[in-house]
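Here the structure comes first, spelled out in C-alpha cells, and everything after it is commentary.
Please treat every number below as a calculation from the coordinates, not as lab data. Quantities reported herein were computed from a predicted structural model and do not represent experimental measurements. Note: ideal-geometry Cβ built from the backbone for every residue, glycine included; neighbour counts use all protein chains shown.
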Amino acid sequence: MIKISLESLQYPIGKFKWVENPTPIEIKAAIGEIEAFPKALSSLCTSFTESDLEKTYRQEGWKVAQVIHHIADSHMHCYLRLKHAVLEETPTIKSYNESDWANTTDGNSLSIVHSVSLIKALHQRWCLFLSSLNPIDLEKCYFHPERKKHYSVGATIMLYAWHGKHHLAHLKIATKK
C-alpha cells in the first residue's frame, strides 16, 4: 500500500517558490498560464458528476465544489489587489479568511457553473490588464496586513500562475481524473 503524505496532498505540485524579481520572459509565461487556466478548469469540470463535487482531495479538506468557488474568490481578490497596487501608492489590501468564504452558502454550493463562468470572464479581464503592465508597474507593491509583507505585482503574477495549477492538481486528486 502506498502511503501519501499530507504535504504531498496539500501541495501536489510543490510549494510555491518565490521569485522576487521575475524576468519579462517569466512574467509573460505566467500570464499565459493565467490566461490558459479557465480552459483547463472547464475541460476538467465537464467530466465531474455531482458525487465528484462532494469529494475532497484530502481528509478534512475542501470539497471539489468549494475548491472551484475558492478559485473564483481568490482570483477576484488578486485581480483587485493588483489593480490597487498599480493605481495607488503601496496600498494596504483587505485580507480575507478563505475558510470562512468557503463555508458561506455560495462557497459551499454544489453548483459550480457560475463560478466557472466567473473565472472565465475574470481571467479575460485580468489578462488584458496584466498584459498592459510595464516594467515599473511590475515592481509596484501592495502590503498584506496579516502577513506584514509587501508583495510586488510581478511576484504575485507568478504566485497566481502557480495557484491555478496547484488547485487543478487538487481537483484531479479528488476526482481521480
inquiry  = Using a Cα-Cα cut-off of under 14 Å, which aspartates and glutamates could be cross-linked to Lys149, ignoring same-chain neighbours fewer than 8 residues away?
reply    = Glu20
inquiry  = At most 16 other C-beta atoms within 10 Å and a DSSP loop state: those are the exposed chymotrypsin sites (Phe, Trp or Tyr not before Pro) I care about. Give me the longest piece of the chain that has none.
reply    = 97-177
note = Expected max-MSF residue from Ile119, Ile13, Ile157 in the GNM of the chain (alpha carbon, under 10 Å) is Ile13
key: Charge-dipole axis of the range 40-177 as Lys and Arg at +1 and Asp and Glu at -1 on Cβ define it, positive-most pick from Ser132, Val86, Gln66   = Ser132
message = Please enumerate, by chain and number, the aspartates and glutamates with C-alpha under 20 Å from the C-alpha of Lys120, excluding those fewer than 8 residues away in the same chain.
response = Glu33, Glu35, Asp73, Asp106
request  = Report the charge-dipole magnitude of the chain in Debye, nearest 20, computed about the Cα centre from +1 at each Lys and Arg Cβ and -1 at each Asp and Glu Cβ.
outcome  = 400 debye
request  = Run the quick spin-label model on Trp18 and Met76: label points 7 Å from Cα toward the beta carbon, then report their separation in nm to one decimal.
outcome  = 2.9 nm
request  = Enter the Cα centre distance for the pair the range 1-69 and the range 101-126, rounded to the nearest angstrom.
outcome  = 15 Å
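Sequence gap at least 6, Cα distance under 8 Å: using those rules, report the relative contact order of the chain to the nearest whole percent.
Averaging sequence separation for qualifying contacts and normalising by length gives 38 percent for the chain.
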